[in-house]
Each structure stands twice: as C-alpha cells, then as structure tokens.
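What follows is a short report on a single structure.
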Amino acid sequence: EFLDALAADPKTAKKYDHPEQPRTKKNHEPKGLAEGRTWADTLTLAKTNGSFNNQRLDVNCPVVNVDWWDAWAYAKWKGRRLPTEEEWEKAARGTDGRVHPWGNEAKPGAANLGEDYDPDGKKGGKVDGFNFWASVTRIKKDVSPCGAVGMEGNVEEWTETRNYHPDYPDLLVPIVRGGSFASKTSTDLLTARYFSKSADHANLARGFRTVSDKAPSAPAKS
C-alpha cells in the first residue's frame, strides 16, 4: 500500500523521505529475497502462500530487506514513527525489566532464534518450527507484557535512535535492537545494542515496527 501510494502521487512522495536521505536513493522498494528476485516476486509469494527456501510465506510475515530510510519513510507515511531504542526495550521487557518478553525463565523454542537456522533452508526449524522469519500470527510465546509480538526473535529491528559507530567515530548509524532467526539464544537479546553498518544496509534478518504518539481509536459500536 505504501509503495502504491508513492507511485500514485510522485509529487508528494518526497515529503516522506528523511531529510538526510541520500539523493542517490530513488525509491523505497525492498530488495528481493534472493539474487535475481524482485520485491514483486516476494509480494506474489506472500499473497499466494508460496515458499522461500522451503519455508511458507504469507502477508503476516515481517517485511525484510528494508534499509533505515525505507523504514523511516514508511512510518512517516503511516502517521507514525520508528521507536527509540529505549521505547523498544520497554515494550520488550515491560515495566519489571524482565529478561525475556514472557518472563525471566528460559523457554527453548519460545522465540524464533538461530539454534536451528540453516542458511540453505533444507534442515532448519527443528527447535522453534521456523528456519527463516515467521508469520506474526504463528508466534504464541514470544509476546511481551504490552502485547508486542516477536521482540526476542524472528527479525531484528531498526530503531529511530542513531549513535556514532564505536569502530568509526565519524560515522553516525542507526541502532538495531532484538534477536532474529539467525541469532543464538542469549540472556541479553533484549538489552544488547547493535550498530548497523549504515542506514543503507538491509538484510533478510532485519525488519522494523512503528509506534504512534496517539492512542488507538475506540472500537466502533455495533
């Protein structure tokens, strides 16, 4: 819907771009899932319950292969924004600072993590049921106190927060939070900070979520 809206109104599409977005970036279309594949191919797979590396996809799977500029623009178009890393962590850990979204005790297989990850897609998913990312409707245990799904695993996520990279002090980069289907189980997945290579970087294990500064509308009365 976002991409269709930009295509339908090219004159106003630029207003959703981050002020520092490079002029060389011409659109917000995600990369395809594999070399030689396009976003259109991905969308078709999701709409038809097709498969990628032997794993079924649907429209409730997180969008991946999006860079920070894409995520930022989508959030603005939606009337929202990306969460700060502090907001992200509170949504994941609750007000009691729990180790995992579900509590302090480890539950093998509760989050979609990387103990069973197979890059070739042939043998993965034996622990948590998923080799790559999962549809959010199928994640039942990786749920935080506020109802946020997939904070510990599935895909890591862009945040609004940017900091200077510790290895490149002059390079300001977005902070990534959370574990993914390729991450090993750890007690610091909700607290660790990851410095991205750049705002232009995108991969199969990274997505994003948005936050709103407005309370949700009350359900319509029947």
Fill in the blank from the handout: For the chain, shape from the Cα gyration tensor axes a ≥ b ≥ c, cut at a/c of 1.5 then a/b versus b/c, turns out rounded
Problem - Separation of the Glu115 and Leu171 label points, Cα + 7 Å toward Cβ, nm - result: 3.3
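Would you kindly work out the equivalent ellipsoid of the stretch 1-130 from its C-alpha gyration tensor and give its semi-axes, the square roots of five times the eigenvalues, largest first in whole Å? Intermediate results must be reported in sequence, preceding the final value.
Details: eigenvalues 185, 113, 29 Å².
Calculated on Cα positions only, the semi-axes equal 30, 24, 12 Å.
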Exercise for the section: Only residues of the stretch 28-69 count here: report those whose backbone N is under 17 Å from the spot 7 Å along Cα→Cβ of Ala5, or say none. Expected result: 28-30, 63, 69
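Between Thr187 and Asn27, what is the FRET efficiency for a Förster distance of 45 Å, r being their Cβ-Cβ separation, to the nearest 0.05? Don't jump to the answer; show the numbers that get you there.
Working: r = 40 Å, r/R0 = 0.89.
FRET efficiency, Thr187 to Asn27: 0.65.
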Exercise for the section: Starting from the Cα of Lys122, draw a straight line to each of the aspartates and glutamates and keep only those under 19 Å, dropping any in the same chain fewer than 8 residues away. Expected result: Glu35
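Would you list His201, His100 from the most to the least accessible area, probe 1.4 Å? Don't skip to the answer; put the middle values down first.
Numbers: His201 45, His100 10 Å².
Reading off the accessible areas and sorting them downward yields His201, His100.
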Completion exercise
With 0.36 nm assigned to each residue of separation and the Cα-Cα distance removed, Ser212 to Cys146 gains 22.3 nm
Practice task
Rounded, prolate or oblate: pick one for the stretch 99-222, where a ≥ b ≥ c are the square roots of the eigenvalues of its C-alpha gyration tensor, a/c under 1.5 means rounded, and failing that, prolate if a/b is larger than b/c, else oblate.
Solution key: oblate
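On a 22 Å Cα-Cα criterion, which of the cross-link pairs Lys90/Lys141; Lys78/Lys140; Lys25/Lys78; Lys90/Lys214; Lys47/Lys90 come out too long? Don't jump to the answer; show the numbers that get you there.
Numbers: Lys90/Lys141 18 Å; Lys78/Lys140 26 Å; Lys25/Lys78 20 Å; Lys90/Lys214 18 Å; Lys47/Lys90 33 Å.
Distance filter (> 22 Å) returns Lys78/Lys140; Lys47/Lys90.
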Exercise for the section: List the residues of the stretch 186-201 whose backbone N lies under 15 Å from a point placed 7 Å from the Cα of Glu20 along the Cα-to-Cβ direction. Expected result: 195-201
Fill in the blank from the handout: Listed by chain and number, the residues whose amide H is under 5 Å from that of Asn112, excluding neighbours fewer than 5 places away on the same chain and using placed H, are Gly153, Asn154
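The values are calculated or read from the model by the stated rules, or taken from the named source; none is laboratory data. Just so we're clear, the structure is a prediction, and the values are computed from it rather than from any experiment. Note that each Cβ is placed from the backbone with ideal geometry, even for glycine, and that neighbours are counted across all protein chains shown. Surface areas here come from the heavy atoms of the whole protein model, side chains and all, with no ligands, DNA or RNA. Shrake-Rupley method; radii C 1.70, N 1.55, O 1.52, S 1.80 Å.
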